[in-house]
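First the structure, in the form of structure tokens, and then the observations on it.
Where a number appears in this text, it was derived from the coordinates with a stated rule and is not lab data. Keep in mind it's a predicted model, so treat the numbers as computed, not measured. Here the Cβ positions follow ideal geometry from the backbone for every residue, glycine too, while neighbour counts run over all protein chains shown.
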Amino acid sequence: MSGESKLLDAEFIQKLERLSIGAKRVFPGRQKGEKRSPRQSSSLEFADYREYAPGDDLRYVDWKAYARLEKLFVKLFVEEEDLAVHILIDASQSMLYPTENPSGTVKFDFARKIAAALGYVALSRYDRLGVAAFSQALGGRTPALRGKASAPQLFSYLESLQAGGRTDFVTSLRNYAMRHTSPGVCVILSDFYDPNWEKGVRALLSRRYQIVLIQILAPEEIKPEISGDIRLVDAETGESREVSITPAVLASYQDALRHFCTGLSDLASRQGMDYLCVTTDTPLEDVLLKSLRESGLLKG
């Protein structure tokens, strides 16, 4: 095992080593890894034949086929290359909820744990990994990481992140799409409380990323336990509103939240993206070893 993490325990990290990131389609890689490449070369897995051309390596001529057909054919093989894995973490102020419940898990911390786990899976399979945080703008990004020896660098980056500020999907994700042109699997961890989140994600879709949306909510957001006259304050804008919380108001809120999450899921499906909603009281092992395996993002 490579590196220690405050976000993941050692026993769980060992379980992650059995998994791999699943790609729905083949992306061109840069180095030898464990994913199938669209290129064909001299690795061990046979792919196809083509006719011999002057200059081809005679070691790959199928002499049995020549004996039957009196024509030279060269064997082609599938080359295994690494997959580019991108993890984007919403580090806006809304991800620091719930601040008033010391026993609860803050959404941002839960997002960092999922990022640490997915990142370690990618590194253990020699995929190319890049992780970045965003809020009002795109924050600092890890350099391209590869191999389990890079795990301490991944964990250190995630442990050092701090959240704050407003969410701007459009500016942040467009910036990322312009800077990083190697498509691959892109996992976005967020509560998606930016009304313009879709415009930002479309910038990545235009670059042919395979996108996975993981929405992270706190149990208190799903089923608020509040009543009476209260003042609600927007964590990112500071705007406030006096509200009388009645059972009817709570029911209306829950209907609106369900509609919002259903809209995320439906749009993801129409655009060929994957969507998963998780709450911070879900055991991390269930998220990684069950939900994300069932979704196809993780294999093994």
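Of the DSSP H helices in the chain, those that are both long (alpha-carbon extent of 18 Å or more along the helix axis) and hydrophobic (Kyte-Doolittle mean at least -1.0) are 107-124, 247-270.
Near S92, the amide H atoms lying under 5 Å from its own belong to G164; only residues 5 or more places off or on other chains count, and H is placed 1.01 Å from N. Within the chain, DSSP assigns beta bridges of which about 50% are antiparallel (rounded to the nearest 5). Using just its DSSP H runs of length 4 or more, each adding -39500 (n - 2.57), the chain gives a mean residue ellipticity at 222 nm of -9500 deg cm²/dmol after division by all residues.
Each 20 Å bin, from zero up to the one with the longest distance, holds this percent of the alpha carbon pairs of the chain: 30, 49, 17, 4, 0. Near I245, the amide H atoms lying under 5 Å from its own belong to G228, D229, I230; only residues 5 or more places off or on other chains count, and H is placed 1.01 Å from N. Rounded to the nearest 20, the size of the Cβ-charge dipole of the chain about its Cα centre is 1420 debye, with Lys and Arg at +1 and Asp and Glu at -1. Applying a threshold of 26 Å to the alpha-carbon distances of K148/K199; K24/K290; K24/K107; K6/K199; K148/K290; K107/K199 flags K148/K199; K24/K107; K6/K199 as lying beyond it. Counting 0.36 nm for each residue step from N196 to E242 and taking away their Cα separation leaves a gain of 14.0 nm. Using only alpha-carbon positions in the stretch 96-183, the gyration tensor eigenvalues give semi-axes of 23, 19, 9 Å once each is multiplied by 5 and square-rooted (largest first). Coupling constants for the stretch 125-137 follow from the phi torsions by the Karplus curve (6.51 cos²θ - 1.76 cosθ + 1.60, θ = phi - 60°), and in residue order they are 9, 6, 7, 8, 10, x, 10, 9, 10, 8, 8, 5, 8 Hz; glycine and proline get x. Couplings for the stretch 212-222, taken from phi via the Karplus curve 6.51 cos²θ - 1.76 cosθ + 1.60 with θ = phi - 60°, read 10, 9, 10, 8, 10, 10, 8, x, 5, 7, 6 Hz in order; Gly and Pro are left as x.
Close amide H pairs (under 5 Å, H built 1.01 Å from N) link D191 with I216, residues at least 5 positions away or on another chain. With each label modelled as a point 7 angstrom along the Cα→C-beta vector, the A251-E285 pair spans 4.0 nm. The length gained by stretching the chain between R293 and K15 to full extension, at 0.36 nm per residue less their Cα-Cα distance, is 98.8 nm.
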